[in-house]
Structure formats: structure tokens, C-alpha cells
Amino acid sequence: MEKCPFASTKNNEQECELAGSPVGNYSEYLKLNSLLQLQVRRTDDPLAHDEHLFIVMHQNTELWFKQIIYELRSIQQILHKSKVCEKSQQIMFQRLVRVNCILRHMVQQFEILETMSSMDFQAFRGIFKDGQSGFQSTQFRLLEKIIGIKEEQRCCTFLEKMSDKQKEVAKEKGMGDNEDICSLIYEWLSRTPALDQFIACYKEVVGEEIRKLNLAAEEIKLTDPSESENLFEEAECLRSNFAIIFDPQEFENSSRRKQGRRIPYMALMGALMINCYAAEPRFSVPYEILKNLIDMDELLVKWRFAHAMMAKRIIGGRQGTGGSGGYIYLRSTVSERYMSFVGLFEVASFLLPPQKLPGLTAAMKMEISRVYTGDLASEL
Ligand code: HEM
């Protein structure tokens with residue numbers, strides 16, 4: 001059988017000369033000589049040509065995981081402060097936009113791997129031993145941990161799939177150390193200025209809306225009973241929907257069912273207020289931050305879905321090399337259980353039409369105009 005021209009270590013070294021010849025500042029700075037030596041195939045069978053693409057795709061994705069973790073760690077650091085100044089909010093927003101750009105790119109790039117056929121993959125699939133699989137990606141688990149996906153939420157725990165060495169690395173990388181971004185964001189939202197006044201005003205406006213509907217229904221009860229019935233129903237719908245956020249006990253009961261993903265009451269109300277008054281200068285960047293957190297959750301679901309579909313076309317119904325049910329397992333992770341900011345999605349259930357929003361009172365305006373500029377250097 002013909003020997004693959006790029007399989008041997010020697011050839012790998014030759015390829016690395018392409019990194020920069022003579023070794024100049026460019027390749028030295030980027031450590032290209034080391035980097036381009038890392039794509040080492042395990043088989044020299046020419047039929048296993050696509051192993052190179054397989055390695056590059058994994059390494060490339062691990063580098064993007066690294067960048068995402070780097071950005072998210074800096075956001076964690078900002079949120080750890082008891083007050084987050086305007087400039088830090090702007091920085092958080094920019095970094096979240098970047099994370100989402102990377103995630104979009106990561107979803108898109110599965111197309112490249114899908115140029116490898118199922119047969120092409122079979123040509124080298126046998127080389128994976130000891131449960132080798134993306135399942136053991138420490139960085140992916142770290143990313144999940146940082147954004148707040150809790151171990152108890154998972155339908156399959158990953159720790160048991162990790163070798164002792166990996167568990168050690170995970171510990172070194174600080175898994176479990178810092179509070180996750182989701183909890184930190186919720187704490188930040190609970191500190192939204194003028195929040196108590198907003199809750200009182202919002203309650204009044206919704207109450208008034210319900211009263212109006214009931215009154216209108218009462219007035220036409222005899223002349224138009226079916227329309228009256230509709231209006232009573234509408235009023236009841238509004239009442240039961242908002243009861244959850246106007247009765248803390250009811251809120252507590254309904255969110256208890258959501259286990260680790262529940263959003264604290266004041267955080268939900270803070271997010272609601274920011275969404276209502278996104279056009280106010282004080283709330284425009286916070287609004288963008290919330291929007292980008294929702295985007296991030298959604299993009300991760302899209303990544304999981306794209307990965308699951310790619311796996312399905314390449315391995316069909318076979319087990320994964322990591323020992324899971326393969327596609328069945330991956331598909332099960334495309335769900336709310338693997339999302340962190342589910343609470344932020346809930347805000348949409350409680351938004352009123354813009355025409356019905358309570359205006360900001362003078363006291364509220366005063367409070368939200370108090371800008372905390374802070375000391376950027378000490379925030380970062
Ligand atoms: C031929 C291409 C691929 C196939 C057939 C495939 C298949 C699978 C399967 C079946 C699993 C479930 C665990 C198992 O039993 O192995 C898995 C997990 C995983 N794979 Fe892939 N994969 C491929 C490429 C990639 C690439 C390029 C990456 C990028 C790093 C990746 C990252 C992951 C991650 C992070 C998990 C863990 C997902 C989780 O537990 O939620 N995979 N893969």
C-alpha cells in the first residue's frame with residue numbers, strides 16, 4: 001500500500017519549515033514551529049487521509065474554547081465587584097459580542113468537517129482508545145461551568161468519563177472556584193436602580209388593565225354575552241400570568257420546579273425593568289448585555305445541534321467513541337437543561353405593549369440618572 005506522504009514525524013518537521021523560513025519574528029511570536037508540529041496523525045494509511053482534518057478541526061475548536069473562556073473569565077472578574085461601572089458594562093458588552101461571533105463561526109465550521117464522508121471517518125475511527133472523545137474536553141466542561149450549567153442539571157454526568165489526570169487538570173484550571181456568570185449576572189440585576197418603585201408602578205398598571213377589562217366585560221354582559229365572556233377570560237389570563245411576578249410566594253412555588261436554573265425574583269424584575277426602558281441611556285448597555293447573554297445561550301444550543309447532526313451523518317446510530325449512545329446522547333443535550341440564562345428568556349412573558357408602559361416618575365428618573373463611573377482600573 002502506498003505510504004502517506006505526510007504521516008511521518010520527519011515530514012511533519014518538513015512542513016513546519018513552512019511556518020517561517022528563516023525563522024523570523026512572525027513565526028517566533030506565534031510559536032508556529034511548535035503549533036504546526038501538533039497535527040500528528042496516528043495512522044499512515046493513505047485511506048485515512050481525513051484524520052488530518054479531524055485533528056485540525058478539534059484543535060481549532062479547542063483554541064476557540066480557550067478564547068471564549070478567556071473572555072468569560074474577564075467578565076466574571078468585572079461582575080465580582082459590588083458595583084459595575086458604566087465603562088465596565090461597555091467592556092462586558094463588547095466581549096460578549098466577540099464570544100457570540102466566535103460561537104457563530106464555530107457552528108458554521110461544522111460544514112468543513114462534513115466534507116468528510118462516513119467511510120472516510122471509518123478509515124481511522126479504530127485508532128481511538130480508552131473512551132477518547134470530545135466528551136473528555138476539559139475546556140468544554142470549564143466553559144459550561146463558567147456560564148452556570150450545573151452538574152445536577154445534566155442527564156449524564158461527565159466527571160465519571162474523565163480520567164484522573166483530566167480531573168486534576170480541571171481542578172488546576174479552577175473549575176468550581178469562582179461563582180458562575182449566571183449567578184453573578186442575577187446579583188447584578190437585583191441591584192438595578194429604582195427597582196422597588198418600578199415594581200410598584202408596574203403592578204398598578206397591570207392591575208388597572210385587569211380592572212378595565214372586567215368593567216368592560218360587566219357592561220356588555222347582557223347585550224353581548226359571548227364578547228363579555230371573552231373579555232372576562234382575557235382579564236383572567238392577564239391576572240394569572242402576572243400573579244407569578246406580583247405574588248412572591250407564587251413566584252417562589254413556580255420557580256422551585258426549575259431546580260438549578262431558577263432566576264431570583266429581584267433579578268427577573270431587574271431584567272424586566274431594563275427591557276422596558278432599554279431606550280433610557282442608563283439601560284441601553286445593560287439591555288445589550290442581556291440580549292447577548294440570551295444570544296450566547298441560543299448559540300450554544302445551535303452548536304450542540306450542529307454537532308449532533310454532523311455526528312449523526314458520520315456515525316449514524318452507532319455508539320460514540322466516548323461510550324455514550326452517540327447521536328441519542330448528543331440530541332438529549334439540545335435542551336433547556338443545558339442552558340444557563342433560561343430566566344432571562346422568561347422576561348418576554350411579562351412585557352406589556354410599549355403604549356401601556358408606566359412612565360418613569362421624577363424620583364425614578366433621578367435615581368437612574370446617578371451614574372457610577374467607578375475606577376475602571378480597579379474594576380478590571
Ligand atoms: C467525526 C467527527 C465527530 C464525531 C462523529 C463526534 C461524535 C461525538 C459523540 C458521539 C459524542 C458523545 C460522546 C461519545 O460517546 O463520544 C461527542 C461529544 C463531544 N464532541 Fe464530538 N464528534 C466529532 C467531532 C467533534 C469536534 C470537531 C469537536 C470539537 C472540539 C467535538 C467536540 C465534542 C464535545 C465538546 C463533546 C461533548 C459534548 C457533551 O457532552 O455535551 N466533536 N462527539
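A short reminder: the numbers here are calculations on the coordinates, not readings from a lab. Owing to the predicted nature of the structure, the values given are computational and were not obtained by experimental measurement. Positions of Cβ are generated from backbone atoms using ideal geometry, with glycine treated the same way; all protein chains shown enter the neighbour counts.
Observations
- Full extension of the chain between residue 328 and residue 254 gives 23.6 nm of extra length, using 0.36 nm per residue less the Cα-Cα distance.
- Nitroxide proxy distance, nm - points 7 Å out along Cα→Cβ at residue 63 and residue 355: 5.4
- Note that region 308-316 has calculated 3J(HN,Hα) couplings of 5, 5, 4, 5, 4, 6, 8, 10, x Hz, one per residue in order, obtained from phi through the Karplus relation 6.51 cos²θ - 1.76 cosθ + 1.60 (θ = phi - 60°); glycine and proline are x.
- Divide the volume of the convex hull around the Cα atoms of region 36-127 by the residue count and you get 113 Å³ per residue.
- 3J(HN,Hα) along region 286-298: x, 4, 5, 4, 4, 4, 6, 5, 5, 4, 4, 4, 5 Hz, from the Karplus curve 6.51 cos²θ - 1.76 cosθ + 1.60 with θ = phi - 60°, whole Hz, x for Gly and Pro.
- Exceeding the 19 Å Cα-Cα cut-off - candidates 212/356; 66/312; 81/150: 66/312; 81/150
- ³J(HN,Hα) computed for each position of region 77-89 - Karplus, 6.51 cos²θ - 1.76 cosθ + 1.60, integer Hz, glycine/proline x: 4, 5, 6, 5, 6, 6, 10, 10, 6, 4, 5, 5, 5
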